[in-house]
Amino acid sequence: MKLIGQAALYRLLLSTVLLGTSLIAQENSGRILGQVLDVSGAAVPEAKVVATSPRVPRGIESTTDALGNYVLSNLPIDIYTVTVSREGFATVKRAGIDVQRCRAKAVDCKFACTQFSNRDRGRLKV
């Protein structure tokens, strides 16, 4: 009986430590999410989205999905610049994005098309 009690106590202690560590990690980060659209309101898939800050100078990168949505998670708390780019579109930058603890900051972008490729002709509207 004593051995079973010790094992249960050990599992409880281990769970508490792991949960506490997870909560601390989440507490010191936030996220940026949004949607990238062209000027007509159509989603822009496969756009590169990069968030940079003084603490993360190389940036954290994501790519938009088929609906133009993206999420940049586990960002250290800081002030970010988000850069969105895709071939055939003008690059968009948004500065001064304040990422706070345990919060999601929405940053939506509209792209202006700079050129059409044969692949995009008829699909992208300007």
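The values are calculated or read from the model by the stated rules, or taken from the named source; none is laboratory data. Quick caveat, the model's predicted, so the values are computed rather than measured.
Annotations for the structure displayed:
- Strands (runs of 3 or more DSSP E) wholly inside the range 42-94 containing at least 3 residues that are over 11 Å from the mean Cα position of the chain (by Cα): 78-85
- Test: residue in the range 96-104 that is at pLDDT below 95, in a strand (DSSP E or B), among the aliphatic types (A, V, I, L, M) and within 12 Å of the chain's Cα centre (by Cα): yes
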